[in-house]
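The values are calculated or read from the model by the stated rules, or taken from the named source; none is laboratory data. A quick note: this is a predicted structure, and the numbers were derived from the prediction, not measured. With ideal geometry, Cβ positions are generated from the backbone for all residues, glycine too; neighbour counts draw on all protein chains shown. The protein model used for the area step is the full one, side chains on, heavy atoms only, and it has no ligands, DNA or RNA in it. Shrake-Rupley method; radii C 1.70, N 1.55, O 1.52, S 1.80 Å.
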Amino acid sequence: MGEQTPFESPGAATLYERLWTRHVVAGDPNGRALLYIDRHLLHEVSTPQSFELLRANDLSVRRPATNLAVPDHAVPTRNRALPLPPGLARDQVDLLRRNCGEFGIELLDLDDVRQGIVHVISPEQGFTLPGITLVCGDSHTATHGAFGALAFGIGASECGTVMAAQCLWQTRAKTMQVRFDGKLDDNVTTKDLILALIGQIGAAGATGYAIEFTGDAIASASMEARMSLCNMAIEAGSRTGLIAPDDTTFEYLAERPRAPKGKDWDAALAYWKTLKSDAGAHFDKTVVIDASEIAPHVSWGTSPDQVAPIDTALPSPAAGSRDAKAQDYMGLEPGKPLLGTQIDFAFIGSCTNGRIEDLRKAAGIVKGHKVAPHVQAIVVPGSGQVKALAEAEGLDRVFTEAGFEWHSAGCSLCVAMNGDTVPTGKRSASTSNRNFEGRQGPGARTHLASPATVAASAIAGHLADPRKTS
Amino acid sequence: MKPFDTLAAKAISLPDDDVDTDIIYPARFLLITSRDGLGEYAFADRVAGGDTRIGAGTGAPILIAGRNFGCGSSREHAVWAIADLGVRAIFATSFGEIFRGNCANNGIVAGVVTEDVAETLHAAAQAGDRIEVDLVGRTVACSAGTFAFSIGEAERESLLNGWNETTRILALHEQQIARFEKRQRVAEPWLWANETEQEITENV
């Protein structure tokens with residue numbers, strides 16, 4: 001944008017603009033800014049080629065302490081006490097170890113209770129903080145925007161650039177406010193809100209925009225619920241989903257291992273409290289949704305915007321259309337109700353819904369029931385710490401007694417590259433974030449939903465409304 | 001990176017909307033840690049519409065795509081795989097943002113065209129027409145005419161010059177980065193806890 005003036009704070013600014021301006025190192029005549037990057041998260045899949053870029057150009061990591069690495073995508077979530085079996089996944093995790101060792105980057109390894117999905121462990125450790133810029137070679141990096149951090153996913157080349165220069169050239173996005181008024185119904189979650197939003201604005205509806213989520217339903221949401229929401233900004237096309245930090249944020253962060261301490265905490269808190277959009281700030285677009293009207297949502301197609309309230313019928317699209325192709329892939333009949341669609345798999349986990357609150361919610365619905373005999377149901381906690389906490393609360397027993405498998409932490413069936421897959425033609429109800437063709441395995445059919453909906457569906461054996469089972 | 005100048009060649013037509021990076025490069029191949037030779041995995045599972053594997057054996061260096069091409073995962077493998085098929089330019093009515101950035105970092109032109117132009121280019125590609133890309137003039141031409149496409153000015157400059165973004169930032173902005181860091185150490189000391197001046201490596 002040509003009118004951009006780096007180093008000058010505008011009068012009434014949005015949170016996004018405030019975070020942006022604060023991190024501008026230099027501008028260029030094309031309207032881009034060289035943004036300073038405060039924190040970088042690494043995982044085993046998107047960084048091998050980034051380290052190669054450093055080697056090829058004879059570069060070092062500028063500030064090793066601003067980087068934190070963890071294996072999550074490729075790692076098995078079963079039999080974790082055993083060494084990884086020989087193969088590409090083990091080679092990839094070994095390579096991450098060697099790269100981190102050579103370049104002086106801290107790694108939370110597989111035998112560390114702090115290991116887990118990169119977007120779950122970083123907030124847990126207090127590595128994610130309000131007011132920072134944070135990047136990762138992973139599109140779900142928007143998750144950290146729930147803390148009022150300017151966080152976005154980047155490619156592997158850019159990961160190399162960040163490690164060497166601590167900066168990236170970026171074009172400032174337009175701003176979109178998404179306001180969720182009112183209060184959510186019982187067993188309706190922020191996952192349903194984000195699915196409803198994507199359904200309304202489309203999978204590219206926020207491309208070129210940075211979203212800020214506001215409204216009563218956000219103010220009353222926990223950090224876990226806020227992270228689920230910001231996590232899927234990318235499914236609406238936006239790299240950035242922001243929420244202004246408040247007392248809920250500060251309470252979550254206090255005493256986290258890497259959060260500021262003592263005088264630093266007081267100084268940080270004073271700054272963090274200024275991180276919000278001004279009352280008169282201009283958003284390029286505003287979307288208002290009444291959260292109290294939102295029913296549990298479930299996707300029915302192969303793009304996250306092909307989604308509907310669970311108590312409605314499938315659309316009847318024109319032959320040959322995008323929607324018709326998606327229904328064909330999904331093996332669904334136009335016009336039939338979503339409720340009652342038989343499932344084969346149920347997956348609770350991922351960087352969207354693998355946190356303690358998600359497991360508590362699902363366990364509350366599962367307790368005292370059994371998984372339908374034809375359903376394979378698995379729970380994969382988002383981190384070792386989520387797993388340990390859930391076990392301390394007895395949630396693992398609630399799940400296993402009902403017939404769920406209880407796994408170790410990782411991305412697992414969200415990206416299906418660790419050996420956990422849904423077979424061709426099988427149907428999965430999943431708390432993950434993508435229902436793309438083949439996402440959970442070649443030919444697999446994915447219905448995205450909240451932990452409450454997936455838990456209710458696992459018990460029923462078909463897509464079920466969580467409002468009616470608890 | 002090799003500078004981009006002009007290109008005149010046949011094109012592949014892939015009109016589907018929302019072709020995500022999982023379709024372009026399925027996740028199970030992400031275990032490969034190299035960036036070379038990934039073309040053989042491009043579009044490996046494409047099933048909707050009963051298409052045969054896209055791009056396989058065509059050798060066409062131009063891809064005409066649908067809306068929101070390259071949405072989803074940030075995996076740069078999607079771009080490396082397409083590049084390995086020989087593709088140097090992609091035209092669509094819109095792109096996934098991370099994918100678009102990854103294209104620029106790999107010498108691939110990701111040009112945005114209007115719906116009408118996209119339709120014309122698809123027809124040209126399907127007819128086996130030669131399509132000409134002029135990055136200097138920001139135009140794409142086929143037998144039906146010459147049309148404008150849009151691309152970020154910075155991306156265009158970088159592609160035309162074949163710049164390496166990383167070493168270029170370091171060569172031109174090291175002092176500004178250092179100045180920023182000095183300011184931030186004072187303003188936000190909690191972001192620098194336990195880090196001494198000596199722990200910063202200046203890549204100069």
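Considering only B:LEU38, B:PHE99, B:THR21, the residue lying farthest towards the positive end of the dipole of the stretch B:6-161 is B:LEU38, judged by Cα position with unit charges set on Cβ.
What is the spin-label model distance, in nm, from A:ASP109 to A:ASP185 if the labels are put 7 Å beyond Cα along the C-beta direction? Spacing of the two 7 Å Cα→Cβ label points: 5.0 nm.
If r is the Cβ-Cβ distance from A:ASP247 to A:GLU333 and R0 is 60 Å, what FRET efficiency results, to the nearest 0.05? Rounded to the nearest 0.05, the efficiency is 0.80. Against chain B, whose longest principal axis comes from its Cα atoms, helix B:115-126 is set at around 60 degrees. For A:GLU255 and B:MET1, the FRET efficiency from 1/(1 + (r/R0)^6), where r spans their Cβ atoms and R0 equals 60 Å, is about 0.80. Calculate log10 I(q)/I(0) of the stretch B:6-161 for q = 0.13, 0.14, 0.16, 0.19 Å⁻¹, where I(q) comes from the Debye formula with a single equal point scatterer on each Cα and nothing for solvent. With no solvent term, the Cα-only Debye profile gives -0.52, -0.61, -0.82, -1.18. Of all DSSP bridge pairs formed entirely within the stretch A:297-468, close to 30 percent run antiparallel. Within 10 Å of the Cβ of each residue in B:91-101, the mean number of Cβ atoms contributed by other protein chains is 5. Report the FRET efficiency, 1/(1 + (r/R0)^6), for B:ALA9 and A:ARG55, where r is their Cβ-Cβ distance and R0 is 30 Å, rounded to 0.05. So the FRET efficiency works out to roughly 0.35. Counting only DSSP beta bridges whose two residues both lie in chain A, roughly 25 percent are antiparallel. By accessible area, using a 1.4 Å probe on protein heavy atoms only, the stretch A:297-468 has 51% of its surface on carbon and sulfur. May I ask you to list the residues of the stretch B:6-45 whose amide nitrogen lies under 18 Å from a point 7 Å from Cα along the Cα→beta-carbon direction of A:ARG98? Under 18 Å, as judged by backbone N against the label point of A:ARG98, lie B:31-36 of the stretch B:6-45. Here is how the number arises for chain A: DSSP H runs of 4 or more residues each give -39500 (n - 2.57), the sum is divided by the residue count, and the result at 222 nm is -8500 deg cm²/dmol. Counting, for every residue in B:30-37, the Cβ atoms of other protein chains within 10 Å of its Cβ and taking the mean gives 6. The 1.4 Å probe gives accessible areas that order A:VAL113, A:VAL75, largest first, as A:VAL113, A:VAL75.
Extension gain for A:ALA279-A:ALA267 works out to 1.9 nm (0.36 nm per residue, less the C-alpha to C-alpha distance).
Close amide-amide hydrogen proximity is noted between A:LEU242 and A:ILE211, A:GLU212, A:PHE213, each under 5 Å apart and 5 or more residues distant or on a separate chain (H modeled in the peptide plane; Pro and chain starts excluded).
With the highest mean first, a sort of the peptides A:120-128, B:151-159 on other beta-carbon atoms found within 10 angstrom per residue produces A:120-128, B:151-159. The reciprocal of the average 1/r between distinct C-alpha atoms defines the Kirkwood hydrodynamic radius, which for the stretch A:297-468 equals 15.7 Å. Counting only aspartates and glutamates at least 8 places from A:LYS336 when in the same chain, those with an alpha carbon closer than 12 Å to its own are A:ASP311. Taking every C-alpha pair closer than 8 Å and separated by at least 6 residues, the mean separation divided by the residue count of the stretch A:16-128 gives a relative contact order of 28 percent. Give the A-B buried accessible area in Å², both sides summed, 1.4 Å probe, nearest 100. Result for this pair: about 5400 Å² buried. Sorted largest first by accessible area at a 1.4 angstrom probe radius, with every protein chain in place, the residues A:LYS325, A:LYS183 fall in the order A:LYS183, A:LYS325.
Listed by chain and number, the lysines placed with their C-alpha closer than 20 angstrom to that of A:LYS387 are A:LYS361, A:LYS367; residues fewer than eight positions away on the same chain are left out. Principal axis extents of the Cα atoms in the stretch A:225-371, from largest to smallest and rounded to whole angstrom, are 63, 46, 26. Cross-link partners of A:LYS273 among lysines, defined as those whose alpha carbon lies under 16 angstrom from its own and excluding same-chain residues fewer than eight positions apart: A:LYS263. Grouping the Cα pair distances of chain A into 20 Å bins from zero gives a pair-distance distribution of 25, 58, 16, 0 percent in increasing distance order.
Mean sequence separation of contacting Cα pairs (under 8 Å, at least six apart), scaled by the length of the stretch A:297-468, corresponds to a relative contact order of 29 percent.
Within the assembled protein chains, the solvent-accessible surface assigned to B:VAL186 is about 120 Å², based on a 1.4 Å probe. Per-residue accessible area (protein heavy atoms, 1.4 Å probe) orders A:LYS263, B:LYS182, A:LYS426 as A:LYS263, B:LYS182, A:LYS426, starting from the largest. Within 10 Å of the Cβ of each residue in B:10-19, the mean number of Cβ atoms contributed by other protein chains is 2.
Its relative contact order, with pairs defined as Cα atoms under 8 Å and 6+ residues apart, puts chain A at 17 percent.
Measuring only protein heavy atoms, the 1.4 Å probe finds A:TRP406 accessible over about 50 Å². Amide hydrogen proximity for A:THR446: with H placed 1.01 Å from N in the peptide plane, the residues at 5 or more positions away or on another chain lying under 5 Å are A:SER428.
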